Amino acid sequence: MPGAVRRNPALVALPLAAILPFFVDNNYVFHILVVAGIYMVLSMSLNLLIGYTGLFSFGHAAFYGTGAYASALLSLGCGLPFPAAFLASGLLTAVFGVTVAFPALRLKTIFLAIATLGLNEIVRLFLTNLDDVTGGPAGLPGIPLPDLWLVRLEQPQDFYLAAIVFVTAAYWALSNLLLKRHGRALKAIRDDEIAAKAVGVNITSYKVAVFGISAFFAGLAGSFFAHYITYISPDSFGLSESFAIIAMVALGGMGDLRGSLIGAFLLCVIPEVFRSLHDFRELIYGFTIMLIVRMLPGGIAGWTRNPGGWLRRRRNDDSRPADPRREAES
Amino acid sequence: MIPGRRTRGERRNRNMRMVEVRKASKSFGGLSALKDVDLGMEDGEIRGLIGPNGAGKTTLFNLMAGNYRADSGSFLFDGQEMFGLGIDERVSLGIVRTFQNIRLFGSMTVLDNVKMGFHCRASTGWLSAAFNLRRSAREEAWMASEGERLLDELDLLPHRGEQAKNLSYGNQRRLEIARALATRPRLLMLDEPAAGMNESEGRQLLDRIRAIRRSGITILVVEHDMNLLMTVSDRVTVLAHGQKIAEGTPAEVQTDGRVIAEYLGREADASGH
């Protein structure tokens, strides 16, 4: 464990955030941070697919929504206590992720992106039109607040502390996973699928597993969201939600978990700090994706590893067509 | 020691040859690339595979490694049928290949590339890794130390922390061999290992191939560098037009009429066809 902490400053920084309630007493601040925490888990789980394995899944909100609705229905319909509904919704979403993975894995790159976009819409339409179960467009109100045996989460401050535990646990588990042989195998698949096969990696089972794990964490995040807001509707899980998560992953850095924490934090907090920007949230997400992809492909995490590198690289790119002689010589 | 690792020669049948390809055929949309080719290799042998362009060397190679599915024929490895098994299953049974156009995991470090070779010999699951259980940590430590030992053997240890794509060409070739050896193969298939190498690098490669054989690994080499191939191989198999036209020691093959005809471009009937 101490070794893991030394390698991962985030494992210290995240729990340290728990002292914030001693200095701040503002429900609005805690609300923003809880939402940021949920997005941190969502972007870490999406990073697993897009950043680490190179699977362009553009419909992450489908898993997020599945988890939220599963948890809400399990506690409203079956009366399951929160911890059970929370875990069950994660597992159910994982099963859904695995089911989706099998047909989706016949597709690559942009085609997978389109298919997962479609999946997102399908899930949203199901949630909207399955009135008897999901409450249709009106959604599901009155989802019970989490009861954790001894403590009952009520105030945003309580949820803030719970979110810290949630994000830290997810980060710890995922970073362990990615540091070890499974994580290496995922990166190997991203780098060169044929070579990964040649050293004995079963590509299909790895891709299916990573879809399942990613969906599991997205499902947990959905459950957390449902029991925090206590009301969910299909609108919360549309395409714009998926793109928000993609923007967070891109901003933080593809293939870097810590980057996802930063990306989610920034894109949740910035529109709040500059209240006037709030209406332009989606515009900000769109521009973030475009600018990052164009100017800073490694995201913030990539930039911290090589600050200034992006300027140099761009200059090289620009100079190349301007001087054909040099290219001919080399 | 990692649990579940297969001990060498566990299912070995003494009467069988290690590699027994029989009547392997493969055609691509009506174009027959390989027709009824047999290939038998003894345990511990270095076999060269040559032939003019389009002879079917790479096809045979890909059939054996599992990259292509054979139309017909069989491939017994240690008495067990390989056609029909996936690449990952063949790797875990001890068949591994390298690539003519080097295929490394470019963004990963040199050491991580070799650790990927150990991947198929490791057994800890996702949960064990996620919860950082002791078993998984022990296995990672084992991969790291074994990986460094292997890198040391191939003179790559100083580069262990570098990204694989930043290595020099010769080092990339060596790293690919190191990664293949990490899978603990019993049959190592090298696809043009000397491509792009200069003479001294070629000589080093020669020594290395022999050293690998001394450690008990059977080797199949496809190579264009005739000099290197004839020096290193115990026996040579010659393919032309998707069929085997000769097989024997390098000396026998070099004097074979059909082989000379194929390589010098004379008509086949000159060799008494």
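Please treat every number below as a calculation from the coordinates, not as lab data. Note that the coordinates shown come from a computational prediction; the quantities given were computed from them, not determined experimentally. In this analysis, Cβ positions are derived from the backbone assuming ideal geometry, glycine residues included, and neighbour counts consider all displayed protein chains.
Compute the separation of the alpha-carbon centres of region B:64-109 and region A:30-108 and state it in Å as a whole number. For region B:64-109 versus region A:30-108, the Cα centre distance is 36 Å.
Is the shape of region A:2-295 rounded, prolate or oblate, going by the alpha carbon gyration tensor and its root eigenvalues a ≥ b ≥ c, with a/c under 1.5 for rounded and a/b larger than b/c for prolate?
Rounded is the answer for region A:2-295, as its axis ratio a/c remains below 1.5.
Neighbour counting of Cβ atoms within 10 Å sorts the residues A:E154, A:E282, B:E140, fewest neighbours leading, into A:E154, A:E282, B:E140. For chain B, the longest principal axis of the alpha carbon atoms and the long axis of helix B:199-214 meet at an angle near 70°. Within straight-line reach of B:K244, meaning a Cα separation under 27 Å, sit the following lysines at least 8 residues removed in sequence or on another chain: B:K23, B:K26, B:K35, B:K57. For chain A, return all DSSP H helices satisfying: extent of Cα atoms along own axis at least 27 Å; mean Kyte-Doolittle hydropathy at least 1.0. Passing helices, by number: A:27-47, A:82-104, A:109-129, A:156-179, A:203-229. The fewest-to-most ranking of B:I212, A:I284 by surrounding Cβ atoms within 10 Å reads A:I284, B:I212. Is the shape of region A:43-195 best called rounded, prolate or oblate, per the rule: a/c under 1.5 gives rounded, else a/b larger than b/c gives prolate, else oblate, with a ≥ b ≥ c the square roots of the Cα gyration tensor eigenvalues? Oblate is the answer for region A:43-195, as a/c is 1.5 or above yet b/c matches or exceeds a/b.
Here A:M44, B:M189, A:M295, B:M108 are placed in order of increasing Cβ neighbour count within 10 Å, fewest first, which gives A:M295, B:M108, B:M189, A:M44.
Taking a straight line from the alpha carbon of A:K197, these lysines sit under 17 Å away, with near neighbours fewer than eight places off in the same chain left out: A:K108, A:K187, A:K207, B:K115. Using C-alpha pairs under 8 Å with a sequence gap of at least 6, the mean separation divided by the residue count of chain B gives a relative contact order of 25 percent. Translational diffusion coefficient of the protein assembly as shown (Stokes-Einstein, Kirkwood radius from Cα pairs, 37 °C, 0.692 mPa s): 121 µm²/s.
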